[in-house]
């Protein structure tokens, strides 16, 4: 297999693993993320993996183009469907009494995961598709310059939509737990989740630059005359 395709599979693998982990863990636990010189953020544990998916799709966009990035987005969507089906199957089949080690744990994960995956499937498909299009919009507008702009601009914009969609769906389906019953509390969770994604988008920009610089020659592309000081 060519190095180019190996790198593509590696990036696609990072994308799908991060997506799957985020959906399975989902809102089973909320964690406190300490931010220096800023108030602590309370976010779902599944959110820790999710921003990595945007870094992976941006790298695929830059190195392989919009069509292959959209291909990964659709693959991730159908992996969501597969995860939901397998968890439903495990939930439906009779319990092997005396053998199962943690049936209650499985059922609790399934109970939380089911609305999370359904909400994620809707929000994810919309947000990731917008991310791919925004990335190429900024790339075309700047004529291939300013990597930071298309990386941050596409991620920040699409994650607003992702955050609002998934949190609203979970709220309306009563999937955020008994403590989230008002729109005010929901808005606070939305804001904190988006702030985390926003901070990650800023932090992952150097990783994006590093990935593009290191992987472009390996993929076989001619490096653009990008001024990395801009």
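The values are calculated or read from the model by the stated rules, or taken from the named source; none is laboratory data. Given the structure is predicted, the values throughout are model-derived calculations rather than measurements. All Cβ positions, glycine included, derive from the backbone under ideal geometry; neighbour counts span all protein chains shown.
Scanning region 52-72 for residues that are in contact (Cβ under 8 Å) with a residue 12 or more places away in the chain and surrounded by fewer than 21 Cβ atoms within 10 Å (Cβ to Cβ), which turns out farthest from the chain's Cα centre (by Cα)?
64
Restricted to region 183-230, and to residues that are surrounded by 13 or more Cβ atoms within 10 Å (Cβ to Cβ) and in a loop (DSSP other than H, G, I, E, B), which residue is modelled with the highest pLDDT?
221
Output yes when any residue across region 151-163 is modelled with pLDDT of 80 or more and buried (at least 17 other Cβ atoms within 10 Å of the Cβ), and no when none is.
Checked region 151-163: at least one residue is modelled with pLDDT of 80 or more and buried (at least 17 other Cβ atoms within 10 Å of the Cβ).
Within region 187-214, which residues are farther than 17 Å from residue 150 by Cβ and free of Cβ contacts under 8 Å to residues at least 24 places away in the same chain?
Result: 187, 188, 191, 214.
Among the residues that make up region 90-112, is at least one of them modelled with pLDDT of 80 or more, touching a helix residue (DSSP H, G or I) at 6+ places or on another chain (Cβ under 6 Å), more than 22 Å from residue 171 (Cα to Cα) and not in a helix (DSSP H, G or I)?
Yes, because at least one residue in region 90-112 is modelled with pLDDT of 80 or more, touching a helix residue (DSSP H, G or I) at 6+ places or on another chain (Cβ under 6 Å), more than 22 Å from residue 171 (Cα to Cα) and not in a helix (DSSP H, G or I).
I'd like to verify a number: residues in region 17-51 that are surrounded by fewer than 17 Cβ atoms within 10 Å (Cβ to Cβ) and under 24 Å from residue 134 (Cα atoms), how many?
So the answer is 1.
Output the residues belonging to region 1-55 that are part of a strand (DSSP E or B) and modelled with pLDDT of 80 or more.
31, 32
Can you tell me which condition residue 35 does not meet? The list is (1) touching a residue at least 24 places away in the same chain (Cβ under 8 Å); (2) in contact with a strand residue (DSSP E or B) (Cβ under 9 Å, 6 or more places away or on another chain); (3) farther than 25 Å from residue 208 by Cα, and all the others hold.
Only one criterion in (1) touching a residue at least 24 places away in the same chain (Cβ under 8 Å); (2) in contact with a strand residue (DSSP E or B) (Cβ under 9 Å, 6 or more places away or on another chain); (3) farther than 25 Å from residue 208 by Cα is unmet by residue 35, namely (3).
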